[in-house]
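S.K.: Okay, handing you the structure first.
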Amino acid sequence: MATFKVQVEDLTGGISDDAAITQWLTDGAKELINLFTPSLLERCKDFSTLDTSPNSLTNIDTRGKIINIMRNDGSINQVAHYIDPKFNGQVTDSTSLYFATVASPKYTIYGTNLYIYPTPSDAQPAYVEHVQFPAVAHGDSSITKFPDEAEYLVVLYASIKSLQRSMMDLLINSDVNTALGKLPTELNKVDDIIVEASNKIDAYYSSIGDIENTNELWDGTNKRFKEIRDALLMAKETLDTGWSTNEDSGAGNDVTGIKSVGYWLDDEDVEMSSATLQAAATELRRAETSIAEIGALMSSYKLELEGVPMFFQEATSYINQAQGYISEANARISIDSQRYQWYQAQQAKLQQDYDKGVQLLIGGSTIEK
């Protein structure tokens, strides 16, 4: 039979974390045992013997349900009955209802330890029958003290966790974050260049005064440099911090927050991440269009401003680089989105199979999630 790791890989496409698979298999077996009916628990039983040493059972929180406790009276095994730990002091009081004898032994649980009265000895040992939580390794192909017909459910449990891990890995894709991380640097370069070019135009304008037919370059309504700066600012905020806008809903202005790409990635929303990147790309195209308009206007008015065309070329180059990074991030997000959707669909299918299998195994009982 194939190992549990191979079975998980066949259902999920594989994950190279053996320690995680081992943990998920172990957790799955424990979860199932806690759902098992008494007849199934019988097949998960183990015994711990208590005598002179040890005469108590420690760390019972690491074990499953206590099924039965017996103490030998020197001839036969007598069933021990539970008492609340607050009555421990009465187990040696012959007048108390909680008096413990070899014919009527008692047991109690205090903290994480189990005690039996009278204290077991080599001549009169006690036996604690309890459920054993198995440790299931990725290289195993069977589970001891566990129903064979339930082993496939352990594989399904581990596969579901593996798919969840794969989806999380996609959301923190370092390649996407690397591409996005380069954008602020490029956009800051563009902004610095536009500021310098705008200052040169402003200086020129101040020196020549108000010349008719040239105001389209810098007036309050049509000033292209302002358009460029606004578009770049919107692109940067879309990628970095997010921004706010006023929307007229009919009942006054509503201030609506627009989240950044980083926000949507952290929120595990691949579709919104991609849509926000597209918004940033649109703003960059707006800046690029304004640069082209300025160049055309300068040419038509025969304005020759020293160094400005070079500024525009350099600014356009940086914008192109920024657009390239956005395209790269979008391409990676698109690929990751397809993988994410497959992982999501497969996880849902396996979850249905798991829930159905558990219900059949335990006789149609309701499973609490």
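The values are calculated or read from the model by the stated rules, or taken from the named source; none is laboratory data. Being a predicted model, the structure only gives us computed values, none of them experimental. Methodologically, a virtual Cβ is constructed for each residue, glycine included, from the backbone with ideal geometry; neighbour enumeration extends over all protein chains shown. What goes into the accessible areas is simple: the full protein's heavy atoms, side chains included, and nothing from ligands, DNA or RNA. Shrake-Rupley method; radii C 1.70, N 1.55, O 1.52, S 1.80 Å.
S.K.: Which three extents, in whole angstrom, do the alpha-carbon atoms of the stretch 79-160 cover along their principal axes, largest first?
M.R.: Principal-axis extents of the Cα atoms in the stretch 79-160, largest first: 57, 28, 18 Å.
S.K.: So, one more: Given a Förster radius of 45 Å and the C-beta distance between Ala279 and Glu129 as r, what FRET efficiency does 1/(1 + (r/R0)^6) yield to the nearest 0.05?
M.R.: Once rounded, the FRET efficiency stands at 0.10.
S.K.: How fast does the stretch 1-50 diffuse by Stokes-Einstein, in µm²/s, taking the Kirkwood radius from C-alpha pairs at 20 °C and 1.002 mPa s?
M.R.: Answer, rounded: 165 µm²/s.
S.K.: Multiply the residue separation of Leu360 and Met1 by 0.36 nm, subtract the distance between their alpha-carbon atoms, and state the gained length in nm to one decimal.
M.R.: 126.9 nm
S.K.: Between Thr112 and Ala20, what is 0.36 nm times their sequence separation minus the Cα-Cα distance? Round to one decimal in nm.
M.R.: Gain in length upon complete extension: 30.4 nm.
S.K.: Give me the Kirkwood hydrodynamic radius of the stretch 24-151 in Å, from all C-alpha pairs, to one decimal place?
M.R.: The Cα-based Kirkwood calculation yields 15.9 Å.
S.K.: Then there is this: Can you give me the % of accessible surface on the stretch 1-95 that is carbon or sulfur? Probe 1.4 Å, all protein chains present, nothing else counted.
M.R.: Carbon plus sulfur share of accessible area: 48 percent.
S.K.: Something else now. Let a ≥ b ≥ c be the square roots of the eigenvalues of the Cα gyration tensor of the stretch 60-104; is it rounded (a/c under 1.5), or, if not, prolate (a/b larger than b/c) or oblate?
M.R.: Since a/c reaches 1.5 but b/c is at least a/b, the shape of the stretch 60-104 is classed as oblate.
S.K.: Given a 1.4 angstrom probe, what's the average accessible area per residue across the stretch 46-115, in square angstrom?
M.R.: 57
S.K.: Still on this model: Under the 0.36 nm per residue contour assumption, what length would be gained going from the current alpha-carbon distance of Gln351 and Ser334 to full extension?
M.R.: 3.6 nm
S.K.: To continue, here is another question. Just to be sure I understand: if I project the alpha-carbon convex hull of the stretch 24-80 onto a plane and average over all orientations, what area do I get in nm²?
M.R.: Seen from a random direction, the Cα hull of the stretch 24-80 projects 5.1 nm² on average.
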